[in-house]
Amino acid sequence: MDISDFYNNREIFITGGTGFLGKSLIEKLLRDCPGIKTIYMLIRPKRGKTALERLEDFKKDVVFERVRRERPNIFEKVVPIFGDCQHLGLAMSQEDLERLKNVSIIFHEAAFVRFDNDLRSSILMNTRGTFELVKIAQTLKQLIAFVHCSTAYIYPLGKVIEEKIYPLPNDWRKAIQIAETYDEETLEILRLKYTNFYPNAYSFTKNLAEQIIADHSHLLPMTILRPAVVAPAYLEPEPGYVENLNGPIGILAVKSIGVSQMTYINPDLILSLIPVDMVTCLTIASGCRSGLETLSKNVPHNLHIQTFASGDLFKYTIKQSIHKLVVLARENPMENTVWAPATRLTTSMYCYLIWVFLFHIPMGIFYDTLLLLQKKKPMLLKTTRRIIYTIRTMGRFSKKYFEMKNDGMWEIFNFMLQHDEKRRFYIVEPTKIDHDVVFRGLLLGLKRFIFKEPEEATAETRQRLKILIILDKIVTFLLLFIILKFAWKWTMSLAGVI
């Protein structure tokens with residue numbers, strides 16, 4: 001059966017639909033699975049906006065330009081379910097629960113994905129939210145596939161991450177109980193010891209969520225997807241489409257506009273990039289395969305774990321990736337550039353902190369002062385602080401390379417070859433991805449979708465960058481002179497000359 005035909009007349013429930021992966025998933029389903037009956041989307045109030053207001057904003061999002069153009073009335077298939085994964089029962093009404101009775105496929109993509117989220121809210125969202133959804137899924141008589149989106153960085157304590165469950169000494173039930181009992185401040189004090197020094201709450205709570213999925217896999221047709229570093233779209237819906245700046249993509253972004261002149265990270269770390277449109281197509285195909293297995297009745301419930309990581313397909317190191325992006329950013333600079341884009345990296349925390357105190361913080365104060373004088377909101381110091389905190393919470397992920405086994409991903413690619421005659425989902429041969437296109441798409445995606453500026457730099461922006469490059473050389477020389485002078489005086493004082 002063709003993947004697109006499999007979704008005909010199906011009712012689907014999606015959590016996390018307003019996120020990067022969620023939007024891409026809904027867009028693709030609406031565009032290339034036209035026979036789908038209904039997409040129920042969990043949506044909550046956020047940042048002063050009601051769920052209905054957020055739904056209207058969602059429909060107008062730039063990611064849906066193509067599908068709105070090709071299928072003008074397609075959003076009639078999207079039905080909002082008001083709720084919140086942070087609350088018991090997902091805070092859903094009995095009426096909405098009744099609406100889901102004919103749902104046959106669940107895509108669970110809701111999560112707090114920022115590395116700097118606190119432990120309590122991460123447990124309630126990522127772990128308890130998964131358990132609450134599993135309880136709802138057990139009431140759905142038509143369910144044939146439950147697809148849970150996790151992360152490839154599920155076990156930072158090892159070197160090789162296989163497609164298997166990595167049990168923790170922490171019981172997920174006890175973790176939920178602790179989060180329900182203690183406040184955020186108390187849990188933050190205990191976080192490192194309780195999590196066995198996991199680098200961040202995101203990876204830890206995602207691991208706990210996988211324990212929940214595994215414990216219920218004999219009752220429900222479960223699939224765990226583990227995307228690695230999700231990169232901007234390669235082709236669909238638009239080349240370069242990107243929604244957030246989490247993890248390594250954020251590091252590349254701040255490098256491209258000169259906010260981060262020195263970054264604390266292992267320069268030889270290989271980035272495991274995989275474009276978001278490829279992740280989306282693999283996700284839809286995974287739901288189809290799991291559903292067909294359930295419908296066949298001959299296959300028992302088997303827990304599928306699939307790691308979506310580039311592996312040997314992408315061999316660029318952090319240093320090489322930053323260099324390629326900085327070169328492109330100097331050829332076609334951003335309007336938001338605050339300083340000359342730089343490729344400086346270090347594995348020394350002392351060297352990094354010197355740059356922070358001698359350059360990043362003074363630059364932040366200077367720019368924020370200019371913004372205040374123009375009666376604009378200051379932002380550079382806040383951005384600098386967030387970069388420092390993000391680097392700290394990346395922990396082992398910024399220092400060592402993880403070999404990720406991805407046999408499950410290749411199984412899905414092979415499944416797609418057999419069940420995608422129209423090539424709606426097997427959109428590109430994985431071994432033939434042009435990585436120059438990937439980096440160029442990243443730059444253009446940052447310009448269009450993140451910074452909301454023209455894809456081609458104006459003459460004024462190019463001239464401004466030339467001035468910033470000259471200033472960068474002058475400031476770098478002065479900093480080097482100050483450091484050498486200080487080192488000379490210190491050395492002479494130790495020798496008793498001064």
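The values are calculated or read from the model by the stated rules, or taken from the named source; none is laboratory data. Since we're looking at a predicted model, the values are computed, not measured. Ideal geometry is used to build each Cβ from the backbone, glycine not excepted, and the neighbour counts take in all protein chains shown. Protein only, heavy atoms only, side chains kept; ligands, DNA and RNA dropped before computing areas. Shrake-Rupley method; radii C 1.70, N 1.55, O 1.52, S 1.80 Å.
If you take the square roots of the eigenvalues of the alpha-carbon gyration tensor of the stretch 144-268 and sort them as a ≥ b ≥ c, do you get rounded (a/c under 1.5), prolate (a/b over b/c) or oblate?
oblate
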Practice task
Scan the stretch 126-184 for GluC sites (Glu not before Pro) in coil per DSSP, keeping those whose Cβ has at most 16 other Cβ atoms within 10 Å, and list them by number.
Solution key: Glu162
Practice task
Compute, for Ser321, the solvent-accessible surface of its heavy atoms (probe 1.4 Å) with the complete set of protein chains present, and express it in square angstrom to the nearest 10.
Solution key: 0
Completion exercise
Simple spin-label estimate for Tyr389/Leu371, 7 Å along Cα→Cβ, in nm, reads 1.5
Completion exercise
Looks like the stretch 109-185, by Cα gyration tensor root eigenvalues a ≥ b ≥ c and the a/c under 1.5 rounded cutoff (else prolate when a/b is bigger than b/c, oblate otherwise), is oblate
Practice task
Round to the nearest 0.05 the FRET efficiency obtained for Leu52 and Ser121 when R0 = 25 Å and r is the Cβ-Cβ distance.
Solution key: 0.55
Completion exercise
Rounded to the nearest 10 Å², the accessible area of Glu188 using a 1.4 Å probe with every protein chain kept is 60
Handout entry: Per residue, the convex hull volume that the Cα atoms of the stretch 1-103 enclose (Å³)
Key = 107
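Using the Cα centre of the chain as the reference point, and only Cβ charges (+1 on K/R, -1 on D/E), how large is the resulting charge dipole? Debye, rounded to the nearest 20.
That gives a dipole near 1380 debye.
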Problem - Ser348 versus Lys405: modelled label distance in nm, points set 7 Å from Cα along the beta carbon direction - result: 4.0
Problem - chymotrypsin sites (Phe, Trp or Tyr not before Pro) within the stretch 143-233, DSSP loop, no more than 15 other Cβ atoms inside 10 Å - result: Tyr182, Phe197
Practice task
Would you kindly state how much longer the chain becomes between Glu453 and Gln138 on full extension, computed as 0.36 nm times their sequence separation minus their alpha carbon distance, in nm to one decimal?
Solution key: 108.8 nm
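For the chain, with every protein chain kept in place, what is the accessible area per residue (1.4 Å probe, Å²)?
So the chain comes to 46 Å² accessible per residue, rounded to a whole number.
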Practice task
If a/c stays under 1.5 just call it rounded; otherwise compare a/b with b/c (prolate if a/b is bigger, oblate if not). Do that for the stretch 184-332, with a ≥ b ≥ c from the square roots of the Cα gyration tensor eigenvalues.
Solution key: oblate
Problem - MRE, 222 nm, helices only [DSSP H, n ≥ 4, -39500 (n - 2.57), over the chain, to nearest 500] - result: -14000 deg cm²/dmol
Practice task
Would you pull out the residues with amide H under 5 Å of Val78's amide H, same chain only if 5 or more places away, H placed 1.01 Å from N?
Solution key: Ile39
Handout entry: the stretch 73-129: relative contact order in percent, alpha carbon pairs under 8 Å with at least 6 residues between
Key = 40
Handout entry: Label-point separation in nm, Glu184 to Ala495, each point 7 Å along Cα→Cβ
Key = 5.5
Practice task
Kindly list the residues of the stretch 206-248 that lie in the label zone of Arg173, defined by a backbone N under 20 Å from the point 7 Å along the Cα-to-C-beta vector.
Solution key: 206-220
Practice task
Could you tell me which label, among [x] 86, 51, 46; [y] 117, 47, 41; [z] 89, 67, 52, carries the value of Cα extents along the principal axes in Å calculated for this structure?
Solution key: [x]
Problem - Cα long-axis angle, helix 20-32 against the chain (0 to 90 degrees, to the nearest 10) - result: 50
Handout entry: Selection from Ser272, Gly19, Thr186 lying farthest towards where the dipole of the chain points positive, charges on Cβ
Key = Thr186
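Ranked from highest to lowest mean number of other Cβ atoms within 10 Å per residue, what is the order of the peptides 122-128, 384-390?
122-128, 384-390
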Completion exercise
Taking Cα atoms only, helix 459-495 is inclined relative to the longest principal axis of the chain by an angle, in degrees rounded to 10, of 60
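Please give the length that would be gained between Lys60 and Leu417 if that part of the chain were fully extended, namely 0.36 nm times their separation in residues minus their C-alpha to C-alpha distance (nm, one decimal).
125.2 nm
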Exercise for the section: With the full set of protein chains in place, find how many percent of the accessible area of the chain is carbon and sulfur; take the probe as 1.4 Å. Expected result: 57
Fill in the blank from the handout: When the charge dipole of the chain is computed with +1 on Lys and Arg Cβ and -1 on Asp and Glu Cβ about the Cα centre, the Cα farthest towards its positive end, among Gln261, Phe64, Asn8, belongs to Gln261
